[in-house]
Each structure stands twice: as C-alpha cells, then as structure tokens.
Amino acid sequence: MTGRRRTAFPRPFQFVIGTAAAGALLLSGCGVLPGGPGGSGEPVTVMTWAPDQVDDADALSVPGVPAMARTYARWINEQGGIDGRELRVITCDERDTAAGAERCARQAVDRKVAAVVGSYSRHGQSSIPVLESGGIPYIGGYGASDEEFRSYLSYPVNGGQSALLAGHGRQLAGGCRRVALVRPDSLGGARMPQLLNTGLLAAQRPESTDITAPENATSYEEQATKALKRRKVGSCVAAVLGAGTETFFDSFRRLEPEGERVRISSVLGSVSQPLIDRTGGRESPFEGAYITGWYPDAGDARWNEMREVIRKYAFGDNRIDPDDTGVQTTWIAYTALRAVVEAIGDDTVTANKVTSSLNRGTEVDTGGLTPVLRWRFKDLLGTSPYPRIVNADVTFQVVREGRLIAQKKGFVDVAEALSDARRTVG
C-alpha cells in the first residue's frame, strides 16, 4: 500500500500548496475543483476519495491520490476538457474509517456524479454498496478492498494484491530455492500462502514456509528469528505486511548474522519507491529485494506524460510523488474515464451512460502502462473472490542502487495462477 500510518511513519513529502486558492480547496474535507472554460458539452462531474487527515495511530494517509485527481483536471481542462466537456473533480477525505468511506459514497450519490474515479479506501464494504444503490460506477480504485473486485459496478485497472502474490511466487521461483512468507495473522492473510505457492509449485519449488505475524506490531523480532532459523543456501524471505513491512525488515536486518545477506522480497503496496527513499536509498534495508508490481517501474518512459503533467500542473504540491503507486493508479483511472467520456458522445454524461459504455466494451489504451483494458463479460477473469479482474498482468522489479528497476522486461500474465489458487483453496 502506498499510504502510511500517521504516527509510526512520518510523511515522506512535506505538505506544500502552490497557491492560496489551491490551499483553501485542499484544506477542506471535501472540495470541488473548477476547470477552465467550459466546452461544447455539459461538464462531467466525478469524485475521488482517499484518507488524508487521519487521527488513529494505525490509520493510513494517502493524500497524493486526490491531489493527482485535481492535477489531472487542471491539465485536461486547459486542453479544452474531455471531448469539449469541462472535468469537475469533487474530493472527499474518507479518513481511513468505515464511516468516512460511507459518508463519501453518500455524497457521490447525492451529487449525482458520473463516476468515482481513482480512489483509495480499505473500507469497500461500507462504500461500494452505497454506490451500487445509487448506480454510480467505481473506476480504477487502488484495489485495497475485496469489494472492488466483486461489485458489478466496479471497473478495476489492476489485479489487486491477489495478482501481486500470484506473480510474486513466479518471480521468486527463478532465484530462490526456498521461501519463507511472513504475512498477517488475519482472514486476508490466510489466502496469501496459496496464492504465492501457485507460482513456486509451477516451477517445481517447494511450498513456502508460512510465518504469521500480528498486524500493526511495533516489533517483529519473533517472526524475523523464525525466518532466519529456516534459512538455507538459496533461501529468500518475503514479507507482505502492508505498513508493517518496514518494521519487519528493520528487525530482520538487525538480527541477520554479520556478513550474511539473505535475499528479501515483497510486493508493491508493502514496499514502494518512496519507502525505499525514506529508509536510506542505496543504504536501505530493501537494497537487492525482489518486488512484484502492477505497472512498469517508475523510471520507464511510459510515465513521462504523467510526470510532465505533474511538473506543470501540480503547482509544487509535494504530496504528489510520481513514483507512488497510488498516484500512478489514479492517472490510469482518469485515462480510463477520458476514453469512456469520449466514447459516449452525448452532451450529458451520466453515471448510467458511463456504466453502459464500460459494459459495452469501450477500450482503454493506457499507453502501455497496462494492457488495453475492457470490462465486457468475456474480458472478466470471473473467478471468485475476484470476478471483476480484467488485468491480471504484473511486473517483476528489483531494488538496485536504491531504485526500483525492471528485473524482467514486459508484463507477466498470472490469470491462470489466480484460477489455480482458487481451485485449490476451494
């Protein structure tokens, strides 16, 4: 995950607002970003939500997501809008709470937005049913809740954590003889070993050693000790603990025997470029780690347009980090919205028209950041508990010289592994 716990993990970027007008907007819990002069059609109003101002010590703050949405709107409106329509973005701070997520969803319904786009929430069980009751499509959420991959009105742009884990097993199989997996002792964590093992077993590697850990712990010395005791030549240690991943690997590296460097690994969301930067760059404990992601590495030229938009239209808002997966997902989600609005053609863009266009198979070309996206019935993976996945591709990356770079060129399709894992779990 790209967010962070407010107290345990300080903000990697300072809160900077370039203009007084932008500051007034961003300091409010929910706000509307007006675009440039209107085009020939009716304005298109959408919402983006994410936690920003949070109070709980274990809550996550992801302010770059709504900030990227506003930046996209400034850029596209200066280009004349989407097919001549002004893009209006309503933002809502869901505060990483179930009540906050439901409140934002109800506001989206009340405001009759055309879609909720590129948002982040761990509380889909509270927000998605509200959107369903109001007929509001959810386009390209981060994938932090299972509901995003189940709801008939959700249109995800990536395969969520399930795809990352299925792909991670394949990535580790190429360089690890044995793998120890440190994962949360939770219902969601219980699914992780089987997903990882599909890739390992396909390459004739043994199943991973399963090490459970409490969520939001302040130390993981017990789990780090277990992982080190099970190490052998060619062993690797994978940790998928969300915000706790940093804490685990800090414990692990401190307990590691002097002169012995065990290969470690994780997935994007638990490890990110901003985290690597914050923990020392080249001296980070993540140096050399294998990482599985959804998209090309942050240095790939396919991100150049997004970076240029941020440079020109973010007005110095340092909350928007182009290396952040949440920011990247929001860019892709708004790319999808743009394709859908252009395909509709009518003067008035409504939630029903957006949903109909998506269901009919409007194609979304993301410039190679994902495969071409479509959400027709036959495009869906259709496998419980993630029937709405249409993009089961992942990328293999590695941390070298403090940067996440491609370990393997191109995408790896893990749709078969996801299906195999589901059949095994039953």
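The values are calculated or read from the model by the stated rules, or taken from the named source; none is laboratory data. Remember, predicted model here, so these are calculated numbers, not experimental data. All Cβ positions, glycine included, derive from the backbone under ideal geometry; neighbour counts span all protein chains shown. The protein model used for the area step is the full one, side chains on, heavy atoms only, and it has no ligands, DNA or RNA in it. Shrake-Rupley method; radii C 1.70, N 1.55, O 1.52, S 1.80 Å.
Beta bridges from DSSP with both residues in the chain: antiparallel share about 40 percent, rounded to the nearest 5.
Summarising the strand pairing of region 34-170, around 10 percent of its internal DSSP beta bridges are antiparallel. A 1.4 Å probe run over the chain, with the rest of the protein chains in place, finds 39 Å² accessible per residue. For the chain, the longest principal axis of the alpha carbon atoms and the long axis of helix 325-344 meet at an angle near 40°. Mind pulling the angle between the C-alpha long axis of helix 351-360 and the longest principal axis of the chain? Nearest 10 degrees, somewhere in 0 to 90. The angle comes out near 60 degrees.
What's the Cα-based Rg to Rh of the chain, Rh via Kirkwood? Could you put the intermediate results ahead of the total?
Values: Rg = 20.8 Å, Rh = 21.7 Å.
Dividing the radius of gyration by the Kirkwood radius yields 0.96.
With r defined as the distance between the Cβ atoms of S419 and A190 and R0 fixed at 25 Å, what FRET efficiency is calculated, to the nearest 0.05?
Working: r = 19 Å, r/R0 = 0.76.
The pair S419/A190 has a calculated efficiency of 0.85.
Using the crude model of +1 on Lys and Arg Cβ and -1 on Asp and Glu Cβ, and no other charge, please compute the dipole size for region 233-304 relative to its Cα centre, in debye to 20. Kindly include the intermediate steps, with their values, before the conclusion.
Details: 7 positive and 10 negative charges, 22 e Å.
That gives region 233-304 a dipole magnitude of about 100 debye.
Averaging sequence separations of C-alpha pairs under 8 Å and six or more residues apart, then dividing by the length of region 161-220, give the relative contact order as a whole percent. Value for region 161-220: 43 percent.
Going through region 200-241, which GluC sites (Glu not before Pro) have at most 16 other Cβ atoms within 10 Å and a DSSP loop state?
E207, E215
For region 182-192, backbone phi angles converted through the Karplus equation (6.51, -1.76, 1.60; θ = phi - 60°) give residue-by-residue couplings of 9, 9, x, 7, 8, 4, x, x, 5, 7, 5 Hz, Gly and Pro being listed as x.
Net length available on complete extension from T348 to K378 is 7.9 nm, with 0.36 nm assigned per residue and the Cα-Cα distance removed. Set Lys and Arg Cβ to +1 and Asp and Glu Cβ to -1, take the dipole of the chain about its Cα centre, and tell me which of N391, T212, N352 lies farthest positive. So the residue we want is T212. For the chain, adding -39500 (n - 2.57) for each run of n ≥ 4 DSSP H residues and dividing by the number of residues yields -11000 deg cm²/dmol at 222 nm.
Given contacts defined as C-alpha pairs under 8 Å and at least six residues apart, what's the relative contact order of region 52-151, whole-number percent? Worked out over region 52-151, it gives 23 percent. Got a sec? Charge dipole of the chain, +1 on Cβ for Lys and Arg, -1 for Asp and Glu; which of I136, A67, L369 is way out at the positive end? Result: L369. In the context of the full protein assembly, D146 retains an accessible surface of approximately 60 Å², using a probe radius of 1.4 Å and ignoring ligands and nucleic acids. For the residues L131, L255, a 1.4 Å probe over the protein chains yields an accessible-area ranking, largest first, of L255, L131.
Run through region 118-159 and list the chymotrypsin sites (Phe, Trp or Tyr not before Pro) located in a DSSP loop whose Cβ has at most 14 other Cβ atoms within 10 Å. Don't skip to the answer; put the middle values down first.
Numbers: sites: Y120, Y138, Y142, F149, Y152; in loops: Y120, Y142, Y152.
Sites meeting the loop and neighbour criteria: Y152.
The solvent-accessible area of F249, taken with every protein chain present and a 1.4 Å probe, is close to 0 Å². Only protein atoms count toward the accessible area here, which uses a 1.4 Å probe; on region 72-183, the carbon and sulfur part of that area reaches 41 percent.
Working note: Karplus 6.51/-1.76/1.60 with θ = phi - 60° gives region 105-117 the couplings 5, 5, 5, 4, 5, 4, 7, 6, 5, 6, 5, 9, 10 Hz, where Gly and Pro are set to x. Taking the DSSP beta bridges with both ends in region 38-93, the antiparallel portion is around 10 percent.
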